[in-house]
Amino acid sequence: MRELLRVPAGERPDLGRTDAAAIPAGPRDKAAGRAATAAMAPRLASLQERLYAASTAGDRRRLLLVLQGMDTSGKGGTVKHVMGPFNPAGCRVKAFKAPTPEERKHSFLWRIRKALPQPGEIGIFDRSHYEDVLIGRVRELAPRSELARRYTRINRFEESLAQEGVTVIKVFLHISYEEQRERLLARLDNPDKHWKFDPGDIEERGAWPAYQEAYERVLERCSTDAAPWFIVPADRKWYRDWAVSRLLLEHLEDMGPQYPPADFDVEECRSRLLAT
């Protein structure tokens, strides 16, 4: 899936021509997709435990999953399903909202650095440092020259993370304009979901073309060998969950974390314990 969904470095995707309901590989229907996602859970849990265990012996590696997408693309739902197999003690989840007054006093990467996973952890970002170039471009909150500098700073930042042992997986959850309307209407039709609806979402839909262009530029400028972008079709929630889980599994298996060997005499401790 990594090669299939990856955005090649320097290539600008055409999101308008990219099918958000596509099934490029894997299970072909909802039932099979849910079953395949569940089948990955034990392996994901085992790899997470190994990653955490390895950190107790000095392994500095960790993994960071970055989720971006339009409103209702399923960032929160993906976090919930991805977290399922994992031990929460080894995960660090951060949902980035509008910067606080304190955060605005610092570089746009300041709050990102504070939320990074520690060695042995799996970190998940619901939105991220990319908000500062996406919204900045759409709402013209920063000059284009400043946005260009931010792309460069982001690439350097992510390259430094890779050098420090952070495996960065950046996922763009690609939803269609029509599907977003249906999901927003579903929130209005269900009183239990009204808390998730913001009237401003309707205004944001008016900026859809500008957001698509902003995302295309991000995918083009910031998909690198150190931290590539992956486009996951997100109109089908079950496929979205399977694809992101599969990406996590492939990256963790590539990392290959191992349990550290005992730093004590196992047999001597066994004899002592049996004698008690």
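The values are calculated or read from the model by the stated rules, or taken from the named source; none is laboratory data. No experiment lies behind these values; they were computed from the predicted model shown. No Cβ is skipped: glycine too gets one built from the backbone with ideal geometry, and neighbour counts run over all protein chains shown. With ligands, DNA and RNA removed, areas are computed over all heavy atoms of the protein, side chains included. Shrake-Rupley method; radii C 1.70, N 1.55, O 1.52, S 1.80 Å.
Label point of Q118 set 7 angstrom out along Cα-Cβ; within region 26-55, amide nitrogens under 18 Å from it belong to 48-55. Averaged per residue, region 145-192 has 49 square angstrom of accessible surface, using a 1.4 angstrom probe with ligands and nucleic acids left out.
The spacing between region 106-173 and region 28-92, judged by their C-alpha centroids, is 20 Å.
Using 0.36 nm per residue and subtracting the Cα-Cα separation, the extra length available between E49 and W195 on full extension is 49.0 nm. At a Förster distance of 51 Å, what's the computed FRET efficiency of E268 paired with S160, Cβ-Cβ distance as r, to 0.05? Using R0 = 51 Å, I get an efficiency of 0.70.
Split the accessible area of region 1-100 by element, probe 1.4 Å, and carbon with sulfur accounts for 53%. Our coupling estimate for region 119-128, obtained by passing each phi through the Karplus curve with A = 6.51, B = -1.76, C = 1.60 and θ = phi - 60°, is x, x, 9, 10, x, 10, 9, 8, 6, 6 Hz, Gly and Pro reported as x.
Can you tell me the length gained on complete extension of the stretch T56 to R139, counting 0.36 nm per residue apart and subtracting the Cα distance? Numbers along the way, then the final one.
On the way: separation 83, 0.36 × 83 = 29.88 nm, distance 4.51 nm.
Answer, rounded to one decimal: 25.4 nm.
Among the protein heavy atoms, those of K114 account for about 130 Å² of accessible surface (1.4 Å probe, every chain in place). For the chain, the orientation-averaged shadow of the C-alpha convex hull comes to 18.3 nm² (one quarter of the hull surface). One quarter of the convex hull surface built on the alpha carbon atoms of region 102-148 amounts to 4.1 nm², the projected area averaged over directions.
Ligands, DNA and RNA left out, the accessible area of region 178-276 computed with a 1.4 Å probe is 50% carbon and sulfur.
Give, in nm to one decimal, the length gained when the segment between Q258 and A9 is fully stretched (0.36 nm per residue of separation minus the Cα-Cα distance). Walk me through the intermediate numbers first.
Values: separation 249, 0.36 × 249 = 89.64 nm, distance 3.11 nm.
Result: 86.5 nm gained on full extension.
Using a probe of 1.4 angstrom and keeping all protein chains present, the accessible surface of region 23-105 works out to 50 square angstrom per residue.
Once both axes come from the Cα atoms, what is the angle between helix 177-189 and the longest principal axis of the chain, in degrees from 0 to 90, rounded to 10? Roughly 80 degrees between the two axes. For region 76-89, backbone phi angles converted through the Karplus equation (6.51, -1.76, 1.60; θ = phi - 60°) give residue-by-residue couplings of x, x, 5, 4, 4, 6, 5, 5, x, x, 8, 6, x, 5 Hz, Gly and Pro being listed as x.
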